[in-house]
Amino acid sequence: MDVFDPRSHAPAPVPIARSTMVLLSLALASDGLVSWARRLGLSEQALRTARSRGRLSPAIAGALALELQHDPGPWMVVAALETERQSACKERMQKHFGLG
């Protein structure tokens, strides 16, 4: 490990799961739903609705990932694909991103 090389201090990459509910579960393991809603500037109902639907919006997934110090991009991709109807294009993108 080189103390002058910033790459040697970067956190290990976090594996991306197939569902944004995994991201929400990671968040809720450290704090409650009400607290997360406040931190993200959302209503409590927005997170409750997302949890009951089984998916986060891409924007919420990205913001939550940032708060958890994860790369928001991959989580936003997962969230976007969760909202898509089943199609050949969706399957292609899931395979491309290693989600299906």
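Some observations on this one:
- Filter result (part of a helix (DSSP H, G or I) and either in contact (Cβ under 8 Å) with a residue 12 or more places away in the chain or open to solvent by 70 Å² or more (accessible area, probe 1.4 Å) (or both)) within region 60-74: Ile60, Ala61, Gly62, Ala63, Leu64, Ala65, Leu66, Glu67, Pro74
- Boolean, Leu99 is within 17 Å of Ala17 (Cβ to Cβ) and either assigned to a helix (DSSP H, G or I) or charged (D, E, K, R) (or both): no
- Look at (1) modelled with pLDDT of 95 or more; (2) part of a loop (DSSP other than H, G, I, E, B); (3) of a type in the set (A, V, I, L, M) and you find that Ala17 fails only one, number (1).
- Unmet criterion (only one of (1) in a loop (DSSP other than H, G, I, E, B); (2) more than 13 Å from Ala17 (Cβ to Cβ)) for Glu91: (1)
- Positions within region 40-59 being part of a helix (DSSP H, G or I) and either under 16 Å from Ser25 (Cβ atoms) or touching a helix residue (DSSP H, G or I) at 6+ places or on another chain (Cβ under 6 Å) (or both), in sequence order: Leu40, Glu44, Leu47, Arg48, Ala50, Arg51, Ser52, Arg53, Pro58
- In region 51-59 there is at least one residue matching the filter, namely being open to solvent by 40 Å² or more (accessible area, probe 1.4 Å) and hydrophobic (A, V, I, L, M, F, W, C).
- Screening region 51-76 for residues that are out of contact with any Leu (no Cβ under 8 Å at 6 or more places or on another chain) and small (Gly, Ala, Ser) and picking the one that is nearest to Gly32 (Cα to Cα) gives Ser52.
- Residue within region 26-48 that is within 22 Å of Gln94 (Cα to Cα), under 14 Å from the mean Cα position of the chain (by Cα) and either at pLDDT 95 or above or hydroxyl-bearing (Ser, Thr, Tyr) (or both) present: no
- Any hit, region 75-88, residues being at pLDDT 95 or above, part of a helix (DSSP H, G or I) and exposed (fewer than 13 other Cβ atoms within 10 Å of the Cβ): yes
The values are calculated or read from the model by the stated rules, or taken from the named source; none is laboratory data. None of these values were measured; they are calculated from a predicted model. Neighbour counts are summed over all protein chains in view; Cβ atoms, including those assigned to glycine, are modelled from backbone coordinates with ideal geometry. Protein only, heavy atoms only, side chains kept; ligands, DNA and RNA dropped before computing areas. Shrake-Rupley method; radii C 1.70, N 1.55, O 1.52, S 1.80 Å.
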